[in-house]
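I have placed the structure first, in the form of structure tokens, so that the comments after it can refer back to it.
The values are calculated or read from the model by the stated rules, or taken from the named source; none is laboratory data. Note that the structure is a prediction, hence the values are computed from the model and not measured. Here Cβ is always computed from backbone atoms with ideal geometry, including for glycine, and neighbour counts include all displayed protein chains.
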Amino acid sequence: MQKTIAFFLFTILFSIALNAQQPKKPNSSEIFESIKKLNFLGSVLYVAAHPDDENTRLISYLANNVHARTAYLSLTRGDGGQNLIGPEIRELLGVIRTQELLAARRTDGGSQRFTRANDFGYSKHPDETLDIWNKTEVLSDVVLAIRQFKPDIIINRFDHRSPGSTHGHHTSSALLSLEAFEASGEANKYPEQVKTYGTWQPKRAFFNTSWWFYGSQEKFDAADKTNLLSVDVGVFYPSSGLSNTEIASFSRSQHKSQGFGNTGTRGSELEYIELLKGDLPKDKSNLFDGINTTWTRVKGGKAIGELLSKVENNYDFKNPSASLPNLVKAYQLVSKLEDKHWRIIKTEELKAIIYACSGLYIEAVADTNHATPASSVNVNLEIINRNSSKVVLKNIILPDNTSVEKNINLTANTNFNFKEILQIPENQQPTTPYWLNETGSLGMYKVTDKSLIGLAETPREFFYAFELHIENTTISYKKPVVFKLNDPVKGEVYKPFEIIPEAAIKLSDKVFIFNTNDTKLIPVTIKAGKNQLKGTVSLNAPENWKVSPRQHEIEITNKGQEKVVVFTVLPPLTNSEGYISPEIKVGTKTYSKELIEMDYDHIPYQTVLLPSESKVVKLNIEKRGANIAYIEGAGDVVPESLGQIGYSVTVMDPESISTENLKGFDAVVIGIRAYNTVDVLKFKQDILFEFVKNGGNMIVQYNTSHRLKVDQLAPYDLKLSRDRVTDEFAEVTFLEKNHPVLNNPNKITSKDFEGWTQERGLYFPDEWAKEFTPILSMHDKDETPKTGSLLVAPYGKGYYIYTGLSFFREFPEGVSGAYKLFANLLSIGK
């Protein structure tokens, strides 16, 4: 039991340091703030549904002002959202948003947890959400988080009493949190957890309310506030020169894929907390009032508290190492506590502070960021004691648990380096997000290894442990193997050390549309994870699809090098759909996964392994026009998808939009949320409308009314709303059966709306000028019909079309009806 708890807490406590772009090097003021946190033994768990739901102002306040252990439990990883920084959606977006949450917690001082719930997209009611999620399993994950983290206080971001009035995931997070509040203290609920972590009963549960939940500031001012507490989160921290709200804005701004860049504020700002369970604090400005958060809450803790108070009161900002004797004494006492929970937590906190006060710097740097099983890697170990404190390096424990005796006195400011060779085991599994290792369901990720449930990311495998003698006490520090390089522009850049397969394989596109009986050349790219890779490449295809040649023999000389082989695929004569998947056989092993690498400046470099497969569709599709100008918005694969059906697509820089540059194009397509993200479009609307007037077609994909960059979205009045249809199976009614977009050049029928994924569409207009013709009607269960999903208006010699249909989701899934309908939109009037 102790080993399991230690593993979990170690992973949580070190997750920030493991994957940060650079190791944290606290200054004297930051060390002092950490010392103050040593003397607070209280915990808060903040609960919501998605990345970016959390209130960073409150999390930062609790972590940095109250000094409480503060964690955010996000039930999902945000896979169903949109991506404003790149083309990644679904699973890959979930990886990005996971890392953005970790970056946010590194900023505001909290820690991060998840459940296995999959963000399947917008849901209008918790009944639907909990039906698609496995309620029993998600509830067990929330209970697990409570039993592991042991919060005194739980704070919900959303109101459990308002089902159907907001996102179903939001309400579900509150409902599950309150149910788990009770269940976590009951031994008969999820008894397999109790064996390892015991039960835990939080003292209080709150709802983080505000005027917004009341509908207006006036209604909130008039509301009964008997059960409400208020805290001023606008406090100023002289040690950092920042207000709490400024730190919170930096944290919030880490959610870059969602476009949540936030400007800092200063001054008093109240947050309101409504009591839901437990006793109401007498001091309504103190969430922990009546809860013992001192060292006296644990047996044997009084002496520790007195000692650490002495450290705090006598701290020397000019010489933090002067605190070492008492810090080490406290470490010795804490390591003997009977209370395993606080013993593990405070031991790790003390170790980190002792490390900082000692001026120590330790790292283990590999000479590559990628290695394969059964390979060896050169690792440089560096250790330096940068002040006069007496530190002796006793031993280095290698990743295979071999101990290497050193007995070196680390003289002040002298750098010591050791060269090691890291042997990667032959059976070592590749590094990839653990929740993507197996195929889950629409609502749940499948995680067979129960010890991983709740963790933000896959634990690192390779560490070097340095056993040091500090103040006559042995303290061990584990450092993960990392990789660093010098970038000519960025300077020192760190990357995680990853294990990759000796070969990865991918197809050039996720969908291949065959709109004739002709063959297509399908490129397959093989990437070598090692030098001198030799193998045989083949391509699996559905029945009645023919592939030639049967296989390619390949040889790649250098690790990291790629080679492309081409297969010829002949479709069947009739309409058909299926999947193709490449594989490479190397010796006795076969590899069929794609290695996806994501490198964004605000999060650590990521590698993800996913099955390599693409959909092939034989579809008799016709089109009019040939040349398309595409204005990119928040990132999608629509340009590539249009190329699949034979259009010539030019991605145009918005700055270059001009009457002259638009000549020769049959249509202009505006990417998703372009009018929310591209400032220059506000100056280009007249040019685009003139293009339509002269005979071009303009198709505008969905935008939101929030942060709209243009005053006039269309040549006629058009007002966006939050209307959406989240049921991808919702019946679609044709309002204008004879309209050209439903008939020419392709006949659109109800069958073309089969197989849609995640949703029908989102952010439909709800008001429009008489010049627009609504084409479709659809609605979710128990709702009124929504008719704004596809609006067509003639303007001059051309057509302006606005659509909230989710083509950007359907194209990557190879939904044939979506391709046919979009071809008709491009072809209208041609």
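What to note about this one:
- Candidate set: segment 70-81, residues that are over 11 Å from the mean Cα position of the chain (by Cα) and either among the hydrophobic types (A, V, I, L, M, F, W, C) or surrounded by fewer than 24 Cβ atoms within 10 Å (Cβ to Cβ) (or both); chosen: the one nearest to Val638 (Cα to Cα): Leu75
- Residues of segment 586-606 classified as surrounded by fewer than 16 Cβ atoms within 10 Å (Cβ to Cβ) and either part of a strand (DSSP E or B) or in contact with a Cys (Cβ under 6 Å, 6 or more places away or on another chain) (or both), total: 3
- When Ser173 is tested against the conditions (1) within 24 Å of Arg69 (Cβ to Cβ); (2) out of contact with any Ser or Thr (no Cβ under 6 Å at 6 or more places or on another chain); (3) assigned to a loop (DSSP other than H, G, I, E, B), the lone failure is (3).
- Looking across segment 560-580, the residues that are surrounded by 13 or more Cβ atoms within 10 Å (Cβ to Cβ), outside any strand (DSSP E or B) and at pLDDT 95 or above come down to Pro571, Pro572.
- Matching residues, segment 761-776, being among the small types (Gly, Ala, Ser) and surrounded by fewer than 19 Cβ atoms within 10 Å (Cβ to Cβ): Ala769
- Segment 186-204, residues that are part of a loop (DSSP other than H, G, I, E, B), in contact (Cβ under 8 Å) with a residue 40 or more places away in the chain and polar (S, T, N, Q): Thr199
- Looking across segment 358-389 at every residue that is in contact (Cβ under 8 Å) with a residue 40 or more places away in the chain and among the β-branched types (Val, Ile, Thr), the one that is nearest to Asn27 (Cα to Cα) is identified as Ile362.
- Residue match in segment 657-667 (condition: touching a residue at least 60 places away in the same chain (Cβ under 8 Å), buried (at least 19 other Cβ atoms within 10 Å of the Cβ) and over 19 Å from Asn515 (Cα atoms)): yes
- Residues (farther than 23 Å from Val47 by Cα and part of a loop (DSSP other than H, G, I, E, B)) located in segment 205-225: Ser216, Ala223, Asp224
- Among the candidates Glu583, Glu613, Glu622, the residue that is surrounded by fewer than 19 Cβ atoms within 10 Å (Cβ to Cβ) and either at pLDDT 95 or above or among the aliphatic types (A, V, I, L, M) (or both) is uniquely Glu613.
- Test: residue in segment 390-404 that is farther than 17 Å from Tyr477 by Cβ and touching a residue at least 24 places away in the same chain (Cβ under 8 Å): no
- Asn262 being closer than 30 Å to Leu762 by Cα, assigned by TED's automatic domain parsing to the domain that holds Gly121, assigned to a loop (DSSP other than H, G, I, E, B) and in contact with a Lys or Arg (Cβ under 7 Å, 6 or more places away or on another chain): yes
- As a summary of the residue check, Asp224 satisfies the conditions (1) under 31 Å from the mean Cα position of the chain (by Cα); (2) surrounded by fewer than 18 Cβ atoms within 10 Å (Cβ to Cβ) except for the one numbered (1).
- Qualifying residue in segment 764-784 (condition: among the charged types (D, E, K, R), at pLDDT below 95 and under 25 Å from Val680 (Cβ atoms)): no
- Number of the exception - Val547 against (1) without any contact (Cβ under 8 Å) to a residue 60 or more places away in the chain; (2) surrounded by fewer than 15 Cβ atoms within 10 Å (Cβ to Cβ); (3) not in a loop (DSSP other than H, G, I, E, B): (2)
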